[in-house]
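Structure, as structure tokens:
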Amino acid sequence: MKLGWRILNDPKVLWVHILKEKYLAKESFIYSSIKAHCSALRRGIQKIKPTLLWLVVNGENIEIFTDRWIPQMSKPIAKPLDFLITISRVYQLISSNMGKWDEELIRDCFNNATATSILHTPIN
């Protein structure tokens, strides 16, 4: 677990680059999965993943329905069955001219509890 934490906090260290090239060359650290006979490092990485939370800066790399990005929610947002709007990334929920949440869009797209949680999530 300590190695997984250090990979996240020291991404420019040489040994981190080497391990990423060997074990995570084809996939992102965040989206990697455990294989049948994986190393202790890989198992450590998997253990810290549930505690990770995206920090919203511009929202371009954050998937609304698959990533954890809302501090008040322990799991990603469930996509409503009747979700017809083609938004998938967090940046689409931010007003482009103001750098704040587009409250009207968020309230139209999500239930009240989810909308309130999104609107209370800071944009850094």
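The values are calculated or read from the model by the stated rules, or taken from the named source; none is laboratory data. It should be emphasised that the depicted structure is a prediction, and the values quoted were computed from it without experimental measurement. In this analysis, Cβ positions are derived from the backbone assuming ideal geometry, glycine residues included, and neighbour counts consider all displayed protein chains.
Quick notes on this structure:
- The stretch 72-109 - residue that is within 25 Å of Trp5 (Cβ to Cβ) and within 11 Å of the chain's Cα centre (by Cα) and, of those, surrounded by the fewest Cβ atoms within 10 Å (Cβ to Cβ): Lys75
- Of all the listed residues (Tyr91, Tyr23), the sole one being modelled with pLDDT of 85 or more and out of contact with any Pro (no Cβ under 8 Å at 6 or more places or on another chain) is Tyr91.
- Pairs with Cβ under 9 Å, 6+ apart, first in the stretch 12-37 and of a type in the set (Lys, Arg), second at pLDDT below 75: Lys20/Ile7; Lys20/Pro11; Lys20/Phe29; Lys35/Arg42
- Residue in the stretch 52-71 that is of a type in the set (D, E, K, R), over 30 Å from Ile7 (Cβ atoms) and not in a loop (DSSP other than H, G, I, E, B) present: no
- Among the residues of this structure, Phe83 counts as one that is over 22 Å from Asn9 (Cα atoms), aromatic (Phe, Trp, Tyr) and modelled with pLDDT under 75.
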